[in-house]
Amino acid sequence: MTSREFQDRLSRRAKRAGTTLAPGLSAGLEAYFRLLETWNRKINLTGLNLTDAAPETIDRLLIEPLVAARHIPNGATRMLDVGSGGGSPAIPMALAVPSVRLLMVESKTRKSVFLREAIRAAGLQGADVAASRFEELLARPELHEAHDLVTIRAVRIEPRVLSNLQAFLKSRGLLFLFRGATAADPSETVPPPLAWSATYPLLESLRSRLVVLEKRQVGVPRGTNRLTHD
């Protein structure tokens, strides 16, 4: 597939999702996708069909994160992505909101090497990769309550996991959970200080949704000192 064909398909899928793409964003997304396609022949980064850039593949890897990025609060500056794997949704989201500094967490060495290459290929500024399990990062106090946003997809969601992840969030920070059509909504089992904030539909074609949890500050009414959304 030529670059023009890829860009046309990307543009059509974005328009279908109600999203428009700036030229710089489109170029970054293509650079990331091309690198993912090349590396996926050597190591298993995704089970999706990358060779033909099928609509479902474009939707899952690129368009869904762009739709989710609409819900990143204004003023957010630091984002932590857990279990980054092949780089989606973290890299497309960071490309969509370049003011946010991204830290991707990936325990598998070869995948973490790919993610560093993807940062360079996509032209992401201020992004980095932690080649470790996220539980190991709990021992780094400089990461505690340092992020406005934590994102997670393809990781099993349990109360214990959520309790650990909230340590990385600032007060009023948000946790984005990417959920499929059959995944249970964790809103009934969210451990404090996290609380369910909203659930947004992402792509109708994938029947996917975004569950947003908020880290509440004890004794402060909801909405006080909160980063604002568009």
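We did not get these values from a lab; they are worked out from the coordinates using the rules stated. It should be emphasised that the depicted structure is a prediction, and the values quoted were computed from it without experimental measurement. Positions of Cβ are backbone-derived with ideal geometry, glycine not excepted, and every protein chain shown enters the neighbour counts.
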The correct count of residues that are in contact (Cβ under 8 Å) with a residue 40 or more places away in the chain and surrounded by 14 or more Cβ atoms within 10 Å (Cβ to Cβ) in the stretch 28-50 is 11
Scanning the stretch 44-98 for residues that are among the polar types (S, T, N, Q) and closer than 25 Å to Ala131 by Cβ, which turns out farthest from the chain's Cα centre (by Cα)? Asn44
Consider only pairs whose beta carbons are under 9 Å apart and that are at least six residues apart or on different chains; among these, list those whose first residue lies in the stretch 130-148 and is under 16 Å from Leu175 (Cβ atoms) and whose second residue is among the aromatic types (Phe, Trp, Tyr). Phe134/Phe168; Leu137/Phe168; Leu138/Phe168; Leu143/Phe168; His144/Phe168; Glu145/Phe168; Ala146/Phe168; His147/Phe168
In the stretch 188-207, what residues are assigned to a loop (DSSP other than H, G, I, E, B), farther than 15 Å from Thr151 by Cα, touching a residue at least 12 places away in the same chain (Cβ under 8 Å) and not basic (Lys, Arg)? Val190, Pro191, Pro192, Pro193, Leu203, Ser205, Leu206
Test: residue in the stretch 57-76 that is among the basic types (Lys, Arg), surrounded by fewer than 18 Cβ atoms within 10 Å (Cβ to Cβ) and over 30 Å from Arg172 (Cβ atoms): no
Going by the conditions given, is Glu56 within 22 Å of Arg16 (Cβ to Cβ) and out of contact with any helix residue (DSSP H, G or I) (no Cβ under 6 Å at 6 or more places or on another chain)? yes
All positions within the stretch 17-33 that are of a type outside the set (S, T, N, Q) and touching a Leu at 6+ places or on another chain (Cβ under 9 Å): Ala17, Leu21, Gly24, Leu25, Gly28, Leu29, Glu30, Tyr32, Phe33
Does Ser112 qualify as being over 23 Å from Lys170 (Cβ atoms), of a type in the set (S, T, N, Q) and either in contact (Cβ under 8 Å) with a residue 40 or more places away in the chain or touching a helix residue (DSSP H, G or I) at 6+ places or on another chain (Cβ under 9 Å) (or both)? no
Suppose we filter the stretch 51-88 for residues that are assigned to a loop (DSSP other than H, G, I, E, B), in contact (Cβ under 8 Å) with a residue 40 or more places away in the chain and farther than 17 Å from Ala121 by Cβ; how many remain? 9
